[in-house]
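Report on the following structure.
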Amino acid sequence: MLALGFSAGLPLLLVLGTLSFWLREAGISRTTIAQLSWVGLAYGFKWAWAPLVDRMPLPLLTRALGRRRSWLLLSQVAIAAGLVGMGLNDPKVALEPLVWCALLVAFASATQDIALDAFRIESADTERQAALAATYQTGYRLAMIWAGAGALWLAARAEVPDAAAYQHAAWRTAYLVMAGSTALGMLVVLLSPEPARREMPPARSAGEWLHGTLVAPFADFLGRYGWQAALVLALIAVYRISDVVMGIMANPFYVDMGYSKDEVAAVTKVYGVVMTLAGAFVGGVLALRLGVMRVLMLGAVLSAASNLLFAWLGTRGHDVSALILVIAADNLSSGIASAAFIAYLSSLTNVSYSATQYALFSSLMLLLPKWLAGFSGAFVDAHGYGSFFTATAALGVPVLLLVALAARVHARATPA
């Protein structure tokens, strides 16, 4: 699970955070960069094809590897191909081909997430899900160090001294190395055991198959929670809104504030991820002692409040010490929130429909925030970074009420 978490975390920054740094350095406008973040909406719509990943076998591959591993391997190959295509295209010369390749990476990455979430949930019972989630998150964050700090470090090392500030060849090198890094996930999939398959009654007709594949997973969730399902889904839809909307403009903010690739790599991508891991550990311990819902509330408060520190950072100019302080607080808060949120989402799924239901939950988590984040560049251009970071903090206020209401539902729910 540690290695598969690495495989899942690798593509995300390469089509979002790291890509936004590259695009800003290439002179692409903040408004365009924010709109290109809509590539990430592939993660928000993965529930639409999750039933196919859940049930549809792949010719040859499924017979050789099993249902989960075949989809994992196919998606990893597509991720590698998309990253190669991104590296070979210069956004300053031909932005559109790069965007199409980024879409391929995002779509394949979302597909990998569907299969991997099901693989994780089916590989152990409920009591062990927290341990698997924590290990998965560790691998995921290590991949984010590599895709964030590693990519920036590689691009900085590949630059020709005394040449132009922007050099496409340096970024090409970085992305080709990232594409090669997907080999780790492929190797692990080939060597890992397929989880025990939960057999479903055979469908007697195409209509029955469609009902079992597309309708039953959603009907099961609605049947277990009734009208309270709307409350649960609303919480999932907005819980990470402060972090996601703010995150799109973080790398352009660092570029505009004059931070170098090495500074951003060391502070935000390495030190920041270490702080996120520390937060995830703290969140896991607190969830065991205090309960998941209490830690969800704590994470919501801290995530919104930490965005205000970025508004303060914008008044400091090029201040590395202040950047370290802000990144420590923000990533610690994010880790606490993420650990509790993953455990909460896992507790909502029925193992009979694990891939489809978890994909629905994790898609909802990103859909509204990613859509709203596409307008962040235009907001910054109109009002500045300070107002933008303050506004993203305010987005977290309704989340507190939803957590309080959902806690009552969670206390009465019976695990499936």
Find all pairs meeting these conditions: Cβ atoms under 9 angstrom apart; at least six residues apart or on different chains; first residue within the range 171-184 and in a helix (DSSP H, G or I); second residue surrounded by fewer than 24 Cβ atoms within 10 Å (Cβ to Cβ) and of a type in the set (V, I, T). Y175/V84; L176/V84; A179/V84
What are the residues in the range 258-277 that are out of contact with any Lys or Arg (no Cβ under 9 Å at 6 or more places or on another chain) and of a type outside the set (S, T, Y), if any? G258, K261, D262, E263, V264, A265, A266, V267, K269, V270, G272, M275
Helices (runs of 4 or more DSSP H) wholly in the range 40-102 with at least 2 residues that are among the hydroxyl-bearing types (S, T, Y) and either buried (at least 18 other Cβ atoms within 10 Å of the Cβ) or without any contact (Cβ under 8 Å) to a residue 24 or more places away in the chain (or both) - which ones? 67-88
Consider I336 carefully, then state whether it is more than 30 Å from R69 (Cβ to Cβ), at pLDDT below 90 and hydrophobic (A, V, I, L, M, F, W, C). yes
Of the residues S334, S387, S362, which single one is assigned to a helix (DSSP H, G or I), of a type in the set (S, T, N, Q) and more than 27 Å from L286 (Cβ to Cβ)? S387
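Give the residue, chosen from T268, T276, that is under 13 Å from S338 (Cα atoms) and among the hydroxyl-bearing types (S, T, Y).
Details: T268 fails: under 13 Å from S338 (Cα atoms).
So the residue among T268, T276 that is under 13 Å from S338 (Cα atoms) and among the hydroxyl-bearing types (S, T, Y) is T276.
Looking at the range 6-32 only, could you name the residues that are under 18 Å from the mean Cα position of the chain (by Cα), of a type outside the set (S, T, N, Q) and under 19 Å from A265 (Cβ atoms)? Lay out the reasoning, then the answer.
First, the residues of the range 6-32 that are under 18 Å from the mean Cα position of the chain (by Cα): 6-21.
Those still in the list that are of a type outside the set (S, T, N, Q) too: 6, 8-17, 19, 21.
Within the range 6-32, F6, G9, L10, P11, L12, L13, L14, V15, L16, G17, L19, F21 qualify.
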Could you run through the range 286-325 and say how many residues are at pLDDT 85 or above, of a type outside the set (S, T, N, Q) and in a helix (DSSP H, G or I)? 23
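Hey, among the residues in the range 397-416 that are more than 16 Å from G299 (Cα to Cα) and part of a helix (DSSP H, G or I), which one's modelled with the highest pLDDT? Spell out the reasoning first.
Let us first name the residues in the range 397-416 that are more than 16 Å from G299 (Cα to Cα), namely 408-416.
Next, from what is left, pick out any that are part of a helix (DSSP H, G or I): 408-412.
Numbers: R408: 75, V409: 70, H410: 61, A411: 58, R412: 59.
Going through the qualifying residues, I end up with R408.
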For residues that are touching a residue at least 12 places away in the same chain (Cβ under 8 Å) and surrounded by fewer than 21 Cβ atoms within 10 Å (Cβ to Cβ), scanning just the range 108-133, find the one that is nearest to L14 (Cα to Cα). L132
Could we say that V380 is modelled with pLDDT under 75, more than 22 Å from the chain's Cα centre (by Cα) and assigned to a helix (DSSP H, G or I) here? no
Give the range 218-243 a look and list any residue that's among the hydrophobic types (A, V, I, L, M, F, W, C), farther than 10 Å from L402 by Cβ and crowded, with 23+ Cβ neighbours inside 10 Å, or say none. I241
Lone qualifier among G279, G283 - being under 17 Å from I145 (Cα atoms) and either buried (at least 22 other Cβ atoms within 10 Å of the Cβ) or charged (D, E, K, R) (or both): G279
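Answer with yes or no whether S321 is polar (S, T, N, Q) and out of contact with any helix residue (DSSP H, G or I) (no Cβ under 6 Å at 6 or more places or on another chain).
Values: polar (S, T, N, Q): yes; out of contact with any helix residue (DSSP H, G or I) (no Cβ under 6 Å at 6 or more places or on another chain): yes.
Here the answer is yes, as S321 does meet what is asked.
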I121 versus (1) outside any loop (DSSP other than H, G, I, E, B); (2) at pLDDT below 85; (3) more than 20 Å from Q357 (Cβ to Cβ): which is the lone unmet condition? (3)
Members of the range 310-324 that are surrounded by 19 or more Cβ atoms within 10 Å (Cβ to Cβ) and free of Cβ contacts under 8 Å to residues at least 60 places away in the same chain: L313
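The values are calculated or read from the model by the stated rules, or taken from the named source; none is laboratory data. It should be emphasised that the depicted structure is a prediction, and the values quoted were computed from it without experimental measurement. Neighbour counts are summed over all protein chains in view; Cβ atoms, including those assigned to glycine, are modelled from backbone coordinates with ideal geometry.
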